[in-house]
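Q: Sharing a structure, written as structure tokens. Questions coming.
What follows is calculated from the coordinates using simple rules that are stated; it is not laboratory data. Note that this is a predicted model, so its numbers are computed, not measured. When we count neighbours, we look across all protein chains shown, and the Cβ atoms used for this are built from the backbone with ideal geometry, even at glycine.
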Amino acid sequence: MITAAAQERENYLNASHGLKSWFLTKDHKRIGLLYLATITLFFFIGGAFATLIRVELLTPQGNLVSSETYNKLFTMHGVMMIFFFLIPSIPAVLGNFFLPIMIGARDLAFPKLNLLSWYLLVVGGMFSLYAMLAGGVDTGWTFYTPYSTTYSNGYVIATALGIFIAGFSSILTGLNFIVTIHRMRAPGMTWFRMPLFVWAHYATSLIQVLGTPVLAVTIVLLFLERVFHLGIFDPARGGDPVLFQHLFWFYSHPAVYIMVLPAMGVVSEVISTFSRKAIFGYGFVAFSSVSIAVLGFLVWGHHLFVSGQSLFAGMVFSFLSYFVAIPSAIKVFNWTATLYKGSISFQTPMLYALGFIGLFTMGGLTGLFVAALGIDMHVTDTYFVVAHFHYIMVGGAIMGYMSGLHYWWPKMTGRMYPEAWARLSALVIFLGFNLTFFPQFILGYLGMPRRYHLYPPEFQVLNVLSTAGASVLAVGYLMPMIYFIWSLRYGKVAPVNPWGATGLEWKTSSPPPVHNFDETPVVTHDAYDYASLMAEEVEVG
Amino acid sequence: MDRFQLFPVQASTLAPEVDHLLYFLLAVAVFFTLLIFGAIFYFAIRYRRRSENELPHVQHTGYTLEILWSVIPFGLTMVMFTWGASIYFTASKPPNNAIQIYAVGKQWMWKLEHAEGQREINELHIPIGTPVRLTMASEDVIHSFFVPAFRTKQDVVPGRYSTTWFTATKPGKYHLFCAEYCGTNHSGMIGWVYVMEPMDYQNWLSGGAVEGSMAESGKKLFEQLACNNCHKDDNSGRGPVLVGLFGKQVQLVGGGSVKADEAYFRESILQPQAKIVYGFEPVMPTFQGLVTEEQLVQLVEYVKSLGPKPGTGPVDNGQKPVPEKSSTAGSTPANR
């Protein structure tokens with residue numbers, strides 16, 4: 001009876017119809033879904049490139065593609081996944097959809113800007129994709145000079161222009177979030193009552209707004225150098241190729257935190273909900289997000305330990321890099337402590353979140369290896385680094401994204417996904433991921449350099465294991481794609497609060513009405529106050 | 001060769017040092033991984049939800065715990081930092097008695113030249129037990145000299161000399177990789193390092209060298225390029241005397257001084273206007289584009305051969321801005 005009523009109720013999905021109502025929408029929820037469709041497409045394109053790379057690496061010889069094609073493949077994989085999937089992923093989809101609802105707002109502060117952000121991402125993504133498929137780029141996603149400025153024959157500038165355009169999408173989204181969090185919180189929603197997901201997005205937005213312009217400037221310099229031979233990065237004209245690396249990593253290292261901080265926000269929500277307990281050390285977890293964002297700007301030089309920066313700079317950047325480890329460790333310990341004496345249930349979002357903690361822990365701990373100057377000399381630019389950052393970005397960011405997608409799917413669509421299949425997908429992805437990337441740590445310490453099309457035969461067995469893992473991982477990612485679509489039609493109708501969670505998003509209907517709430521909520525409790533939630537339920541019941 | 005391997009061979013004095021730090025890091029990583037995984041599994045089972053209505057007692061925060069799990073990891077990371085930095089420091093300072101070998105990276109090969117004149121491509125022969133110092137240059141893009149068995153890697157950046165060094169400890173044949181992506185055949189820019197017993201190395205050295213030592217080749221170039229028109233052995237030329245110059249401090253126009261090392265020689269040939277020696281006019285033309293990196297290192301080696309060798313002369317005694325005239329017979333006041 002209740003479900004029938006919920007179905008008939010007007011919501012943001014059935015309030016208007018037609019293509020125009022989607023492509024000109026100013027509703028943050030619809031824009032969130034537009035982002036979801038867009039980045040899912042980019043994810044599977046990036047994944048297809050990864051598949052070709054892993055198949056090629058089955059044998060030491062190059063028997064599937066030429067070296068030239070191989071170099072283009074890993075470049076396209078990196079560009080698509082980083083700039084057009086990972087950076088927008090959680091903020092642009094889940095943040096867009098839930099950040100306003102979680103603080104009791106009707107929309108983001110600048111709805112038109114929000115729509116513009118989506119168009120910028122689409123235009124940038126399509127531009128880069130077209131440039132890479134039509135002409136090809138073989139510089140790697142890092143675009144190191146002078147290879148990218150003088151020697152590469154690919155469509156370097158066109159690809160970089162797409163990234164430049166998409167950068168503005170990221171800046172505007174960050175700006176929108178910051179203003180929304182400052183100005184649009186519901187009555188009673190004080191800073192320290194905000195869900196940790198919102199804190200994580202606040203920290204992320206700071207990086208997007210402060211860091212991305214540096215990337216834009218770097219791309220402009222790359223353009224001037226490549227087209228007009230300005231000489232900024234050319235030693236024959238008094239320039240320095242290493243300068244590019246400083247500029248590039250000044251953005252691209254903090255960009256790692258753009259990817260992983262929102263995932264940490266998701267995990268904080270999910271761990272709390274499925275332990276039915278307030279997060280342990282709320283203030284520490286909230287401030288650790290902000291301190292990661294700030295410290296993240298001070299460590300870029302750890303990408304340059306063997307690049308010829310000074311001995312002194314190497315030491316300073318190694319020292320500072322270890323500081324970032326502490327807030328990350330604080331989060332992991334606090335999540336684990338939240339489980340203590342909780343009431344733990346194992347629905348899919350929780351399985352993904354626990355998977356996140358495991359994989360992020362391993363990614364973080366191996367970060368200690370690469371921050372150690374003496375070890376980094378040996379492992380930098382090898383598969384050790386490749387494994388390390390995939391543990392953070394795939395094991396961390398994507399596990400967090402999947403956790404959030406399952407957690408909020410009922411709210412977004414009004415439908416439940418099939419629980420058994422979803423649990424299986426979490427398991428398959430966790431196992432497939434480890435089988436793919438753990439062997440790469442060993443490969444890296446053995447000395448296999450990254451971006452190698454051909455490799456010595458003694459590395460083959462580990463590469464075969466990695467490719468086997470990648471096939472498992474591919475199955476794991478296809479499963480949610482199928483059952484999510486299936487659930488839109490055949491999934492059980494979702495109740496208002498399927499998980500017994502505390503956030504404001506669980507107090508409005510599934511899917512939410514156009515303006516999120518029938519009346520503006522008034523917040524009277526801290527986040528994660530399960531006692532009062534259950535008391536309310538008893539009263540209502 | 002075997003298709004499966006778990007741990008790389010140790011073939012340099014640096015390798016065991018790096019590996020010891022690795023063992024420490026592995027121990028810390030395994031401990032914390034087990035701790036976290038163990039706690040998650042234990043809590044997940046012990047505190048699984050038993051009834052739909054249970055409400056756990058909440059403890060919001062424990063300051064003692066928060067401090068403990070911030071301070072202990074911080075202490076451990078500082079051990080990692082110090083340990084790692086000390087290895088890096090050693091690896092950055094070549095000993096004075098090192099053999100000098102030059103490497104030039106270009107798309108997609110390594111060219112190596114020994115002081116005695118032997119040239120190799122994608123192969124490097126070195127003796128066991130003696131420090132080897134590589135001075136490296138790039139003809140085009142950034143490359144990186146990487147020998148996994150030595151646990152050492154150094155980017156070779158165009159426009160400057162990069163150095164690395166190692167002391168091999170075990171005879172054998174080891175991979176040499178280019179580790180910085182450098183274009184289409186990046187994965188083909190590989191080679192072998194042959195570590196030989198000192199006797200075998202001496203035999204190998206005396207076997208090749210068709211064109212004379214690097215210094216001799218450099219001398220020919222020096223004459224071909226007419227450098228000797230201005231840089232004369234006495235102070236009659238328009239340019240500074242180069243004899244005995246290597247390792248000295250050179251006083252510059254506008255104050256300040258610079259140590260006359262390989263990088264300074266290279267810069268002075270390519271960008272003569274960058275640093276003008278006190279007492280001279282900026283009349284030297286640039287040789288940018290006229291000499292290759294390989295010729296440059298020969299010229300550098302020639303100029304070095306005119307002065308005291310490292311360890312034998314007052315190399316690091318560069319306190320005085322004015323070079324001493326007593327160290328080498330050919331040294332005159334004009335080279336200031």
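Q: Using alpha carbons only, how many angstrom separate the centre of segment A:37-60 from the centre of segment A:232-307?
A: Cα centroid of segment A:37-60 versus Cα centroid of segment A:232-307: 25 Å apart.
Q: Moving on to the next point. Which residues' amide hydrogens lie under 5 Å from the amide hydrogen of B:Val277, considering only partners 5 or more residues apart or on another chain, with H built in the peptide plane?
A: B:Val253
Q: Separate question: What are the semi-axes of the equivalent ellipsoid of segment A:172-229, taken as the square roots of 5 times the eigenvalues of the Cα gyration tensor, listed largest first and rounded to whole Å?
A: Result for segment A:172-229: semi-axes of 36, 9, 5 Å.
Q: Shifting gears a bit: Give me the percent of Cα-Cα pairs in segment A:25-540 that sit more than 47 Å apart, rounded to a whole number.
A: Percent of Cα pairs beyond 47 Å in segment A:25-540: 8.
Q: Extending each Cα 7 Å along its Cβ direction at A:Glu536 and A:Met481, get the distance between those two points in nm, one decimal.
A: It works out to 3.9 nm between the two label points.
Q: Per residue Cα convex hull volume for segment A:473-532, in cubic angstrom?
A: It is 133 Å³ per residue.
Q: OK, next. What is the antiparallel percent of DSSP beta bridges lying wholly in the protein assembly as shown, to the nearest 5?
A: Taking every DSSP beta bridge within the protein assembly as shown, about 70 percent pair in antiparallel fashion.
Q: May I ask you to list the residues of segment B:92-119 whose amide nitrogen lies under 11 Å from a point 7 Å from Cα along the Cα→beta-carbon direction of B:Thr130?
A: B:98-101, B:115-116
Q: Quick one: which residues, 5+ away or cross-chain, put their amide H under 5 Å from the amide H of B:Lys259? H built at 1.01 Å from N.
A: B:Val250
Q: If you don't mind, another one. Chain B: Rg/Rh from Cα coordinates, Kirkwood Rh?
A: Computed over Cα atoms, the ratio is 1.15.
Q: Still on this structure: For peptide A:355-362, what's the mean number of Cβ atoms from other chains within 10 Å of each residue's Cβ?
A: Going residue by residue through A:355-362 and averaging, the value is 3.
Q: Then there's this: Could you list which residues have their amide H under 5 Å from that of A:His453, counting only those 5 or more apart in sequence or on another chain, with H placed in the peptide plane?
A: When sequence neighbours closer than 5 places are left aside, the close amide H contacts are B:Ser187.
Q: Determine the relative contact order of chain A: mean sequence separation of Cα pairs under 8 Å and six or more apart, normalised by residue count, in whole percent.
A: Value for chain A: 18 percent.
Q: Label point 7 Å out from B:His20 along Cα-to-Cβ: which residues of segment A:338-378 have amide N under 19 Å?
A: A:369, A:372-378
Q: Pop out the ³J(HN,Hα) list for segment B:134-139 in order, Karplus 6.51 cos²θ - 1.76 cosθ + 1.60 with θ = phi - 60°, rounded to Hz; leave Gly and Pro as x.
A: Whole-Hz 3J(HN,Hα) from phi for segment B:134-139: 9, 9, 10, 9, 10, 7.
Q: Report the relative contact order of segment B:115-231, percent, no decimals, based on alpha-carbon pairs under 8 angstrom and at least 6 residues apart.
A: 33
Q: Would you calculate the separation in nanometres between label points at B:Glu139 and B:Asn229, each defined as 7 Å from the Cα along the Cα-to-beta-carbon direction?
A: Spacing of the two 7 Å Cα→Cβ label points: 2.8 nm.
Q: Counting other beta carbons within 10 Å of each residue's own, what order do B:His143, A:His388 fall into, fewest first?
A: Fewest to most other Cβ atoms nearby, the residues stand as A:His388, B:His143.
Q: Got the relative contact order for chain B handy, in percent, Cα pairs under 8 Å and 6 or more residues apart?
A: Rounded, it is 15 percent for chain B.
Q: Related question: Whole number please: convex hull volume per residue of the Cα set in segment B:97-212, in Å³?
A: For segment B:97-212, the hull spanned by Cα atoms encloses 96 Å³ per residue.
Q: Just in segment B:159-261: which GluC sites (Glu not before Pro) are loop by DSSP and have at most 13 other Cβ atoms within 10 Å?
A: Those that pass, being in a loop and sparsely packed, are B:Glu211.
Q: Given 10 Å bins starting at zero, what is the percent of C-alpha pairs of the protein assembly as shown in each, up to the one with the largest pair distance?
A: 2, 12, 21, 22, 17, 12, 7, 4, 2, 0, 0
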